[in-house]
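The values are calculated or read from the model by the stated rules, or taken from the named source; none is laboratory data. Since the structure is predicted, the reported quantities are computational estimates derived from the model, not experimental observations. Note: ideal-geometry Cβ built from the backbone for every residue, glycine included; neighbour counts use all protein chains shown.
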Amino acid sequence: MKKLIPATIEFYERMEKVDVFGLAAQLAYFFLLSLFPFLLFLVNLVGFFPLDEDMILQLIVDYAPPQVYHLIESNLLTLIHTHNGGLLSIGIIGTLWAASNGVNAVTKALNRAYGIRPKRIFIVYRFLSILLTIGMFLVVIVALLLPVSGRMIGEYFFSFFGSSHEFLQIWETFRWVTSSIIFFIALLALYKLAPHRRVYFRNVVWGALFSTFGFQLVSWVFSFYVSSLRNYSTMYGSLGAVIVLMVWFYLFGIIVLLGGVLNAYLHERTIRKNFNGNGGAK
């Protein structure tokens, strides 16, 4: 207990240094800007992959508050009804621009957490952010395709044993495990690649686990809070769902940044422990 209080104070000071809450607000803004261009991009991919709007919404329904889900659902259906293949390039450009700004904010926070002063020029900095953003998009696409292919493979395999119905029940029960694993892998890659220094996977596992389970917990509590109060529409009118969406994005940004700060903090403590264990500098 004596060590816990100083460690908590030290961790909070690192949070203040990184400006977690300020950068989380930036992330929420860029998430909002990139959300609907990304939905437009996904809608135009429906014709190329075995996807439909239900599969896209399935990634959201387990985490988002009901108001957020209905807002995204209505806008997604509007995009589907006004489907235009020529808008694919607009969706890609808009998503890359807004989402790469969000990646920049994460990179800035992680560099501060590790005490790194970036030495890369702006063009290289932006190019790497776009590459990392594209990687995150690929993870989302895989997250959409994996449940489809996994269910098809499972049905085919268990049909030989005459238990395909039981498999479907198990699949629906543990469907959230798949999304959690993909979310964890995406965070693992983000914490590994975003900082401007060599970071090993073993040094980012705890932060990725914290953010994966933390986001699920916070989303569940926030959804319960919003559903219980039901006064956002009264207070904000037609903007109530947008306000809930922004708060949800803000909480998500805080969780993601806290995971990165936790990785940097634990890494520094390990270095200090090894340094003191070796008797300091020789």
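Of the helices (runs of 4 or more DSSP H) lying entirely inside segment 164-273, those carrying at least 2 residues that are modelled with pLDDT of 85 or more and under 21 Å from the mean Cα position of the chain (by Cα) are 175-193, 205-229.
The single residue among Val43, Val20 that is surrounded by 17 or more Cβ atoms within 10 Å (Cβ to Cβ) and modelled with pLDDT under 85 turns out to be Val43.
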